[in-house]
Amino acid sequence: MTVLFLRKQNLIPAIFTIVFACLSVCSYSQGKKSMGKLISRNMELADKQYKYMASLTPADSMPRSYDAAKNKLIVSTTRWWTSGFFPASLWYIYLYTKDTAIRSEAERRLAILEKEKYATDDHDLGFMIFCSFGNAYKITHNPDYRDVCAIAAESLIKRYKPAIKAIQSWG
């Protein structure tokens, strides 16, 4: 009798572990499906929102912010430190959606941003160029985009100050 009792007691934790593992796997699988749907819905929304934002942004500018109180899109020139974020985001959206209209908009924005690769007076050149042209290169493997990044790196290194072993931020 004692032997049978010990065996039953050993089975209870084992059964609990098996049931828990099965429920966890089912829950994980369901969570994975839910996350996939959430990502898909958000990327579809981003696709629509970025197209709308592009339609409101002058061809020679980049969207920078939104003033909800005035219901107004704030734009900037390509000299603004965040100017590479919009085309970078367009490339991420294109990567997910394969929407050719988004890709075309990303390419148009890169065309107006490219001149900044020569800027030697701004330590934010990496944000401006690598986010945008770096993403474009990673996605398309177009060597022209890689070359823009290389030229920008050469421009940025001119801000290097050996005395402090760092790139000068301002001034």
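Exceedance of the 30 Å cut-off in Cα-Cα distance is limited, within the set LYS33/LYS70; LYS70/LYS117; LYS115/LYS138; LYS37/LYS138, to LYS33/LYS70; LYS70/LYS117. From least to most packed, judged by other beta carbons within 10 angstrom and beginning with the fewest, TYR160, TYR145, TYR137 follow the order TYR160, TYR137, TYR145. The Cβ shell under 12 Å around ASP60 holds other residues with a net charge of +4, Lys and Arg each +1, Asp and Glu each -1.
Among the trypsin sites (Lys or Arg not before Pro) within the range 53-91, those in coil by DSSP and having at most 15 neighbouring Cβ atoms inside 10 Å are LYS70, ARG79. Sorting THR82, THR120 from the fewest to the most surrounding beta carbons within 10 angstrom yields THR120, THR82. Taking other C-beta atoms within 10 Å as the exposure proxy, TRP80, TRP170 rank TRP170, TRP80 from fewest upward. Each other residue within a Cβ distance under 11 Å of THR77 adds +1 if Lys or Arg and -1 if Asp or Glu, for a net charge of +1.
Taking a straight line from the alpha carbon of LYS72, these lysines sit under 22 Å away, with near neighbours fewer than eight places off in the same chain left out: LYS48, LYS51. Restricting the range 115-159 to trypsin sites (Lys or Arg not before Pro) that sit in a DSSP loop and have at most 13 other Cβ atoms within 10 Å of their own Cβ leaves LYS158.
Values in this text are rule-based calculations from the coordinates and carry no lab data. All values derive from a computational prediction rather than experimental measurement. Cβ: placed from backbone, ideal geometry, glycine included. Neighbour counts: every protein chain shown.
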